[in-house]
Amino acid sequence: MPGPWVFRDGELVERRHAAPLARGPRSGLSAPMLINDHLPDLVGPGGKRYSSKSALRREYKARGLVELGNDAPTQAVDNRKRVTKAEIGEALQMVKQGYKPAPLETAIVPDE
């Protein structure tokens, strides 16, 4: 049974009979590592489209965001608003004076 086929000198030959591909002269220098700045069709914060990593990072910085990449956060960040004792006392006084917050709106879900 014949094996895989490859092109050599414009002819289709069985790979086991094909001569290895000739490589051109190689430099003793290592090859440079290039990282492309282009990102096709990336949608960033606010729904804006970006085609450049640097432009996206500028937007992150302008919004005060931090790019993490594949790294997991090293520590949890608590972004909850701190309530002071004064604010608690003020809220308690409002309730004692008869303040009642407006009821939350609830979605009406039809029975199935």
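The values are calculated or read from the model by the stated rules, or taken from the named source; none is laboratory data. Values in this document were obtained by computation on a predicted structure and should not be read as measured data. Backbone-built Cβ (ideal geometry, glycine too); neighbour counts: all protein chains shown.
Overview of values
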| item | result |
| --- | --- |
| Test: residue in the range 18-40 that is surrounded by 10 or more Cβ atoms within 10 Å (Cβ to Cβ), without any contact (Cβ under 8 Å) to a residue 24 or more places away in the chain and part of a helix (DSSP H, G or I) | no |
| Subset of the range 68-87 [farther than 30 Å from Leu56 by Cβ and either under 27 Å from the mean Cα position of the chain (by Cα) or surrounded by 10 or more Cβ atoms within 10 Å (Cβ to Cβ) (or both)] | Glu87 |
| Residue list for the range 60-77, restricted to those being farther than 30 Å from Asn36 by Cα and either in contact with a Leu (Cβ under 9 Å, 6 or more places away or on another chain) or modelled with pLDDT of 80 or more (or both) | none |
| Number of the exception - Glu14 against (1) acidic (Asp, Glu); (2) at pLDDT 80 or above; (3) out of contact with any Pro (no Cβ under 9 Å at 6 or more places or on another chain) | (3) |
| Every residue from the range 97-112 that is among the hydrophobic types (A, V, I, L, M, F, W, C) and either in a helix (DSSP H, G or I) or at pLDDT below 80 (or both) | Leu104, Ala107, Ile108, Val109 |
| Residue list for the range 60-96, filter: farther than 29 Å from Arg49 by Cα, among the charged types (D, E, K, R) and not in a helix (DSSP H, G or I) | Asp78, Arg80, Lys81, Arg82 |
| Pairs where the first residue, in the range 41-59, is closer than 16 Å to Gly69 by Cα and at pLDDT below 85 and the second is in a helix (DSSP H, G or I) and of a type outside the set (S, T, N, Q), C-beta under 7 Å, 6+ apart | Leu42/Leu56; Gly44/Leu56; Gly44/Glu59; Pro45/Glu59; Pro45/Arg63 |
